[in-house]
Ligand code: F6P
């Protein structure tokens, strides 16, 4: 049989490592003939925009570069399939494409919304007795997929956030004047990535002095009083704030600063909380204040990727191929943590439905009572995920990337 693989949702710096994992494993197996890559996720299948990956990944050097390249080499999409009971036309187009290319298994590397596609497609194939399997491979910097201990892409983003906040802390401390620095991180409704800033404390740092996650109600007044308190103890106060923090009425705290535009899955485009809080501190406290939005850097900085993350991303991609050949469909590959010290995970599979359209939030018991910090248990969970470094392959003093 032939297989197809696609990438979907927000990119990460490990999503190409999972693509490499699928490719390397499939290449070794006699049962699989051609490995097709679909451009821009499911849109490539709908629009017949596929490529034979063996024509693109020509050498082991190409694969090594792919593993180290951030973003989605095949491009991505945020496309929601309709319920097929309401409209099956797109499902027919997808089936025709798979038949044309003799695809027996489709691998979809993505987050919660992509698992919605895996669940819907596999159900359609099963109910219509079409012998095509669909397997989801998790990825997201948000780490918010249910059914898995953690998600490929998160460990590297977490490492970047912690190391960057540490560097920002050094910079913020150079002057004798007091200052406040607010670092805004991604993560939408889940605070995993913001919490990861706390990893720097394992090296004896006191920063970030304040950490605000979307899981705990945010209050501007309380934020100002937290900052004022911290200024008594620290010359340069560092606060890590998630883009998705909400006030008690359920509104995003920075809603007036945000575009409020939504993607195909109805998710609002966030960002803006840093600027909002910067203005608040400037108006009410009046000290030197700066906000830093880590923006896409936290999901595309592959020069500081976590080796654990990149290796696991390849392993889970390879395992997906094995599970697919064993006959699995409608599932998402997942990590089950066996122990944190020493760190060990097993790869299993869970129904894609479990991850589709739901979110795994940062545990409330890992947030302190004041809602402005994380606990030691959170660090025990996070630390193994950021271990090790994968050095870039350099050329002319710059990391080299693989471009399809
Ligand atoms: O899904 C991951 C994510 O990076 C979120 O953390 C962030 O809010 C969102 O994607 C940004 O969306 P886009 O990639 O469409 O700008």
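Only residues that are in contact with a strand residue (DSSP E or B) (Cβ under 8 Å, 6 or more places away or on another chain) and either in a helix (DSSP H, G or I) or surrounded by fewer than 20 Cβ atoms within 10 Å (Cβ to Cβ) (or both) were counted across region 233-256, and they come to 2. Residues of region 153-182 that are more than 25 Å from the chain's Cα centre (by Cα) and either in a helix (DSSP H, G or I) or surrounded by fewer than 24 Cβ atoms within 10 Å (Cβ to Cβ) (or both): 170, 171, 172, 173, 174, 175, 176, 177, 178, 179. Please tell me if residue 28 is away from the ligand (no atom under 16 Å from the Cβ), farther than 17 Å from residue 322 by Cβ and modelled with pLDDT of 95 or more. No; evaluated as a whole, the condition is false for this residue. Modelled with pLDDT of 95 or more and in contact with a strand residue (DSSP E or B) (Cβ under 9 Å, 6 or more places away or on another chain), is that true of residue 317? Judged against the criteria, residue 317 is a match. Answer yes or no as to whether residue 251 is within 16 Å of the ligand (Cβ to nearest atom) and free of Cβ contacts under 8 Å to residues at least 60 places away in the same chain. So residue 251 fails the test. Counting the residues of region 121-147 that are surrounded by 24 or more Cβ atoms within 10 Å (Cβ to Cβ) and not in a helix (DSSP H, G or I) gives 13.
Residues that are out of contact with any helix residue (DSSP H, G or I) (no Cβ under 8 Å at 6 or more places or on another chain) and over 20 Å from residue 69 (Cα atoms) within region 28-55 comprise 28, 30, 33, 43, 44, 47, listed in sequence order. Just a yes or no: is a residue in region 79-91 farther than 30 Å from residue 304 by Cβ and within 16 Å of the ligand (Cβ to nearest atom)? Within region 79-91 (the criterion being farther than 30 Å from residue 304 by Cβ and within 16 Å of the ligand (Cβ to nearest atom)), the answer is yes, since at least one residue qualifies.
For region 296-314, taking the residues that are assigned to a helix (DSSP H, G or I) and away from the ligand (no atom under 16 Å from the Cβ), the one that is surrounded by the most Cβ atoms within 10 Å (Cβ to Cβ) is identified as 310.
Contact map, region 368-383: first residue touching a residue at least 40 places away in the same chain (Cβ under 8 Å), second residue assigned to a helix (DSSP H, G or I) and surrounded by fewer than 16 Cβ atoms within 10 Å (Cβ to Cβ), Cβ cut-off under 9 Å, separation 6 or more or different chains; pairs are 370/222; 371/222; 372/222; 379/202; 383/202.
Within region 357-364, not a single residue is assigned to a helix (DSSP H, G or I), touching a residue at least 24 places away in the same chain (Cβ under 8 Å) and in contact with a strand residue (DSSP E or B) (Cβ under 7 Å, 6 or more places away or on another chain). The single residue among 207, 196 that is at pLDDT 95 or above, crowded, with 23+ Cβ neighbours inside 10 Å and away from the ligand (no atom under 16 Å from the Cβ) turns out to be 207. For residue 369, the test of being touching a helix residue (DSSP H, G or I) at 6+ places or on another chain (Cβ under 9 Å) and either surrounded by fewer than 15 Cβ atoms within 10 Å (Cβ to Cβ) or at pLDDT below 95 (or both) is failed.
Per-residue answers, yes or no, for (1) closer than 30 Å to residue 132 by Cα; (2) modelled with pLDDT of 95 or more:
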{"site": "242", "(1), (2)": "no, yes"}
{"site": "254", "(1), (2)": "no, no"}
{"site": "265", "(1), (2)": "yes, no"}
{"site": "272", "(1), (2)": "no, no"}
{"site": "277", "(1), (2)": "no, yes"}
{"site": "280", "(1), (2)": "no, yes"}
{"site": "287", "(1), (2)": "no, yes"}
{"site": "290", "(1), (2)": "no, yes"}
{"site": "330", "(1), (2)": "yes, yes"}
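Looking only at region 69-81, decide whether some residue is free of Cβ contacts under 8 Å to residues at least 60 places away in the same chain and within 24 Å of the chain's Cα centre (by Cα). Taking every residue of region 69-81 in turn, at least one turns out to be free of Cβ contacts under 8 Å to residues at least 60 places away in the same chain and within 24 Å of the chain's Cα centre (by Cα).
Screening the candidates 389, 380, 353 for the property of being in contact with a helix residue (DSSP H, G or I) (Cβ under 7 Å, 6 or more places away or on another chain) and either under 14 Å from residue 199 (Cα atoms) or surrounded by fewer than 16 Cβ atoms within 10 Å (Cβ to Cβ) (or both) yields one hit, 389. Filtering region 160-190 to residues that are within 16 Å of the ligand (Cβ to nearest atom) and in contact with a strand residue (DSSP E or B) (Cβ under 7 Å, 6 or more places away or on another chain) leaves 161, 183, 184, 185, 187. Among the candidates 230, 202, 186, the residue that is surrounded by fewer than 18 Cβ atoms within 10 Å (Cβ to Cβ) and closer than 30 Å to residue 385 by Cα is uniquely 202.
The values are calculated or read from the model by the stated rules, or taken from the named source; none is laboratory data. Bear in mind the structure is a predicted one, so any value in this text is a computation, not a measurement. Cβ atoms come from the backbone with ideal geometry, glycine included; neighbour counts cover every protein chain shown.
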